[in-house]
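Read through the structure below, which is laid out as structure tokens, and then see the notes.
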Amino acid sequence: MGLYKDVYKKDVETYINKTPESKNKYEIANNYMPGGETRSVCFHKPYPLTIEEARGAYLYDIDGNRYIDFLNNYTSMVHGHAHEHIAEKAQFALKKGTAYAATIPEKIQFSELLCNRVPSIKKIRFCNSGTEATMFAIRAACTFTKKTSIIKMDGAYHGTHDLAAWDSRYNTAVFPKNISQNIYVAPFNDSETIEQILSLHADDIAAILVEPVMGVAGVIPPNEGYLDKLRKLADKYQVLLIFDEVQTLRLDIGGAQEMYGVTPDLTCMAKIIGGGFPVGAFGGKKEIMNMFDPSKDGFLAHGGTFNGNKVTLSAGIATMQLLDIDKIEKMNSLSIELENKIKKTVKQSNIPVTLTRVGSMMNIHFTENKPENYAETLHSNKELIDILHIKLLNRGIFIAPRGLINLSTVMTQQNIQEAGDVFKDALQEMMPLLDR
Ligand SMILES: Cc1ncc(COP(=O)(O)O)c(C=O)c1O
């Protein structure tokens, strides 16, 4: 913290005073887990909250503070927490035995539901995370095309396996030999670079892997015609188009592919389809997915002890059945309301803030202009986002430390009103900072 150190220090003091038990727990946790956590994005300074319970739109920490949850476990809890109907279905499944090495009626029901719902998915396979979904989709694409490289977007998050996590600029990990030779990186919203790469290397490239809307990278929407252009380029150069809809499936009944009217060859899913339990799935064209058919010689193996287990699928089916167009539209209109409230506050100030929003997902950036790719989000003032984040926590609003906000279907007008007031208060306190 540089320029705004003193302001931040005051907010940190308030945070520590409000959350002494979380501080204690963090100190204990630090003895056993590096950074006191087991998932990088859960950490923020000075220490993350310890949450005791989550219900509906709210999180409750062990100090008894209540937060409106505008993060929803990074978009996955689309109906909020401990939803009665979903919990009932999961509990019923718990009593029937949770996982066995055989098929279950829920696998058939859920695969039918998702095949009917998502335009590109004609056949599907379940796994246990979005990480596995993108890993298997890439493996399927490489096997199908008999090519070994992919194109992915700069700064895109597709999970934690090596091909997904490798990124020349942002990752400090040392990867197994030759990983980088299998990946070409292009900025999001830049189809020209993709065409250049394809014109030189199409013989080597199996697929273009892209989130239709960049999620964790900062809720960056595709420019008009961008996804369509990717579809055309994939066809022209005979590579597959893979949509990572792990976050964006919530945007429409059939995900972002339905919203933008562009159908990929393969789709990766996770988060909402698990109803709060670990999940992943990938699916697409029959001729590609049929490679996984174990009744055929030379089939493509797909393991996973807990693939399609009864609890996850029961909760997932209930979640997706509940997520109808009315609920999606309700989330979208509440999101517009919140966006407008924040914009109104920002207009009255000289703080360089922009909001990017698609449906019920948005991101706040401390930039002059809306970012169109990940590199542009890096212009966002990191100190200001840290200050806003802690000010919001101190006032009971829970968002991602990097500014990701998303809604759940159980949120009400009152939640939006409260959040709008808190944003106003927090941003107004920050205004003098920029008057120096
Ligand atoms: C777009 C995208 N793809 C893949 C993943 C990985 O999913 P999981 O955390 O279930 O492995 C994520 C997780 O945030 C994601 O946002």
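Brief remarks follow.
- Verdict on S168 being of a type outside the set (V, I, T), away from the ligand (no atom under 16 Å from the Cβ), modelled with pLDDT under 95 and outside any loop (DSSP other than H, G, I, E, B): no
- Some residue of the stretch 358-374 being part of a helix (DSSP H, G or I) and either crowded, with 21+ Cβ neighbours inside 10 Å or within 16 Å of the ligand (Cβ to nearest atom) (or both): yes
- Meets criteria (more than 20 Å from the chain's Cα centre (by Cα) and touching a residue at least 60 places away in the same chain (Cβ under 8 Å)) for V358: no
- Checklist (1) in contact with a Gly (Cβ under 9 Å, 6 or more places away or on another chain); (2) free of Cβ contacts under 8 Å to residues at least 12 places away in the same chain; (3) charged (D, E, K, R) applied to K232, failing item: (1)
- Residue match in the stretch 340-356 (condition: surrounded by 20 or more Cβ atoms within 10 Å (Cβ to Cβ), modelled with pLDDT under 95 and among the aliphatic types (A, V, I, L, M)): yes
- Scanning the stretch 65-87 for residues that are under 18 Å from V12 (Cα atoms) and part of a loop (DSSP other than H, G, I, E, B) gives a single hit, N65.
- Counting only residues that are at negative phi and part of a loop (DSSP other than H, G, I, E, B), the stretch 192-220 holds 6 of them.
- Whenever a residue of the stretch 201-221 is free of Cβ contacts under 8 Å to residues at least 60 places away in the same chain, its partners that are crowded, with 24+ Cβ neighbours inside 10 Å and of a type in the set (D, E), lying with C-beta atoms within less than 6 angstrom and at least six residues away or across chains, give the pairs E211/D244.
- For the stretch 361-385, residues that are within 20 Å of the chain's Cα centre (by Cα) and closer than 27 Å to Y15 by Cβ total 9.
- Every condition in (1) without any contact (Cβ under 8 Å) to a residue 24 or more places away in the chain; (2) farther than 23 Å from G255 by Cα holds for F306 except the one numbered (1).
- Here A93 clears all of (1) touching a residue at least 12 places away in the same chain (Cβ under 8 Å); (2) not in a helix (DSSP H, G or I) except the condition numbered (2).
- Residues that are under 19 Å from the mean Cα position of the chain (by Cα) and among the β-branched types (V, I, T), drawn from the stretch 101-142: V118, T131, T134, I138
- Given (1) under 16 Å from F110 (Cβ atoms); (2) in contact with a strand residue (DSSP E or B) (Cβ under 6 Å, 6 or more places away or on another chain), index of the condition I242 fails: (1)
- Selection count where residues are within 24 Å of L227 (Cβ to Cβ), without any contact (Cβ under 8 Å) to a residue 24 or more places away in the chain and either within 16 Å of the ligand (Cβ to nearest atom) or of a type in the set (D, E, K, R) (or both), scope the stretch 171-200: 1
- Filter result for the condition that a residue is surrounded by fewer than 20 Cβ atoms within 10 Å (Cβ to Cβ), away from the ligand (no atom under 16 Å from the Cβ) and under 30 Å from E84 (Cα atoms), over D293, D297, D326: D326
- Residue check, E224 in a loop (DSSP other than H, G, I, E, B), out of contact with any Phe, Trp or Tyr (no Cβ under 6 Å at 6 or more places or on another chain) and more than 16 Å from the ligand (Cβ to nearest atom): yes
- Top-ranked residue of the stretch 150-165 - restricted to ones that are surrounded by fewer than 19 Cβ atoms within 10 Å (Cβ to Cβ) and not in a loop (DSSP other than H, G, I, E, B), ranked as farthest from the ligand (Cβ to nearest atom): D162
- Residue check for G35: free of Cβ contacts under 8 Å to residues at least 24 places away in the same chain and assigned to a loop (DSSP other than H, G, I, E, B): no
- L407 being modelled with pLDDT of 95 or more, of a type in the set (A, V, I, L, M), more than 19 Å from the chain's Cα centre (by Cα) and surrounded by 22 or more Cβ atoms within 10 Å (Cβ to Cβ): no
- Within the stretch 136-149, the residues that satisfy the criterion of being within 14 Å of the ligand (Cβ to nearest atom) and either farther than 25 Å from I220 by Cβ or in contact with a helix residue (DSSP H, G or I) (Cβ under 8 Å, 6 or more places away or on another chain) (or both) are F136, I138.
- Yes/no for A99 being among the hydrophobic types (A, V, I, L, M, F, W, C), over 19 Å from N415 (Cβ atoms) and in a helix (DSSP H, G or I): no
The values are calculated or read from the model by the stated rules, or taken from the named source; none is laboratory data. As the structure is a prediction and not an experimental result, all values here were calculated from the model. Every residue, glycine among them, receives a Cβ derived from its backbone with ideal geometry; neighbour counts consider all protein chains shown.
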